[in-house]
Amino acid sequence: MILGIDMGASSSKWALFSDGVSGGEVAASGVYASLSGHLYTPEARQHMAAGLAGIRAAVPAQPSAVVVGVTGLSTDFAPLIMEMLSSTFYLPQHALHVTDDLHLAYAAHFPAGGGTLVYAGTGSMAYHRTVSNDGTAADEVIRAGGHGFLIDDAGGAFWQGRQGLKAVLRGVDEGRGESLLASRLFGVIGSQNWPDIRAYVYGEGRAALARLAPAVYAAAVDGDPHAQDIQRRAGEELARLGGAVMERTGNSQLGLCGGSFNPLVKAAFYAQFMDRDVSFTPTVSPLLGALALA
């Protein structure tokens, strides 16, 4: 029994894979609260320990191995997470594997390595990893993006939400009537008054803006031109990341994953590669990476 855990900024997902792992049969799965590798304070470490205990309580059987992908993982804290896993799941450390969440997703899509994965969640990144013939990861990792929301992360949910709200507030400044996009975003925020919008955005940070992304997509589906433009530009930005890594590696295999790849963003993404010799890998759950890394 192999337990995979994908720790994310919005939620943490887990899946228990039964024997016969080549088929990747899921014996049980669940969702837990957000967990991250930002363990700089005692409170953060306590939150991680409580989170692992909560996941262990939900897992219906004792796993023989645990593979964890951690968002924001610092190598300094990997040994601490290993210790927490060992004490929580009663497993020796050789039965545990801790890596970052993007490596987990990459292993799910390219277990033999060599391809380029474009990820679009709250943020965005393109990632390539070389894997040796015996299945162990070599040192070479090539990436583009992933610089955080203060610098870039174009195409991700935060960026989409920010672009949508910026367009709406500029419309308010210029005295234009309420657009479909404005109606959808104000519905999520719960108000169209600036003090309430300010409290929503600056009180909750990047997660608040990321939560606006589905409303931007819904407005685009219903025909709002600003929202449609945001979806198109998101796809183009994500394609730029993938193209940059592919140019550097010379590999033509490309995969994509992450909740910000809605159908409109995907269509704009694929359109950028219509005239290029690219082989697309089907999108799968990042948790399947646990089978490749166990």
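The values are calculated or read from the model by the stated rules, or taken from the named source; none is laboratory data. Nothing here was measured: the structure is a model prediction, and the numbers come from that model. Here Cβ is always computed from backbone atoms with ideal geometry, including for glycine, and neighbour counts include all displayed protein chains.
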Worksheet item: Would a scan of region 215-233 turn up a residue that is under 27 Å from E140 (Cβ atoms), part of a helix (DSSP H, G or I) and out of contact with any Gly (no Cβ under 7 Å at 6 or more places or on another chain)?
Response: no
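Just to check your reading of the model, which residue among S11, S36 is surrounded by fewer than 17 Cβ atoms within 10 Å (Cβ to Cβ), within 26 Å of G259 (Cβ to Cβ) and either within 22 Å of the chain's Cα centre (by Cα) or not small (G, A, S) (or both)? Steps first, answer last, please.
Numbers: S36 fails: surrounded by fewer than 17 Cβ atoms within 10 Å (Cβ to Cβ).
Matching residue, one of S11, S36: S11.
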Practice prompt. With respect to T99, determine if the residue is within 27 Å of V278 (Cβ to Cβ), among the hydroxyl-bearing types (S, T, Y) and either assigned by TED's automatic domain parsing to the domain that holds S12 or surrounded by 24 or more Cβ atoms within 10 Å (Cβ to Cβ) (or both).
Written response: yes
Discussion item. If a residue must be surrounded by fewer than 23 Cβ atoms within 10 Å (Cβ to Cβ), among the hydrophobic types (A, V, I, L, M, F, W, C) and either under 26 Å from the mean Cα position of the chain (by Cα) or part of a loop (DSSP other than H, G, I, E, B) (or both), how many such residues does region 155-196 contain?
Written reply: 4
Worksheet item: Is at least one residue of region 30-40 out of contact with any Phe, Trp or Tyr (no Cβ under 8 Å at 6 or more places or on another chain), without any contact (Cβ under 8 Å) to a residue 12 or more places away in the chain and of a type outside the set (V, I, T)?
Response: yes
Discussion item. For region 219-234, which positions are closer than 11 Å to L165 by Cα and either small (G, A, S) or without any contact (Cβ under 8 Å) to a residue 12 or more places away in the chain (or both)?
Written reply: A227
Worksheet item: So which pairs qualify, if the first residue must be in region 204-218 and among the hydroxyl-bearing types (S, T, Y), the second must be surrounded by fewer than 22 Cβ atoms within 10 Å (Cβ to Cβ), the Cβ gap must be under 7 Å, and the two must be at least 6 apart or on different chains?
Response: Y217/N262; Y217/L264
Worksheet item: Is it true that some residue in region 55-70 is in contact with a Phe, Trp or Tyr (Cβ under 9 Å, 6 or more places away or on another chain), surrounded by fewer than 21 Cβ atoms within 10 Å (Cβ to Cβ), in a helix (DSSP H, G or I) and in contact (Cβ under 8 Å) with a residue 12 or more places away in the chain?
Response: yes
Worksheet item: Identify, please: which residue in region 268-294 is surrounded by fewer than 19 Cβ atoms within 10 Å (Cβ to Cβ) and hydrophobic (A, V, I, L, M, F, W, C) and is, among those, nearest to E236 (Cα to Cα)?
Response: A271
Worksheet item: G114 passes all but one of (1) under 30 Å from R211 (Cβ atoms); (2) part of a loop (DSSP other than H, G, I, E, B); which number fails?
Response: (1)
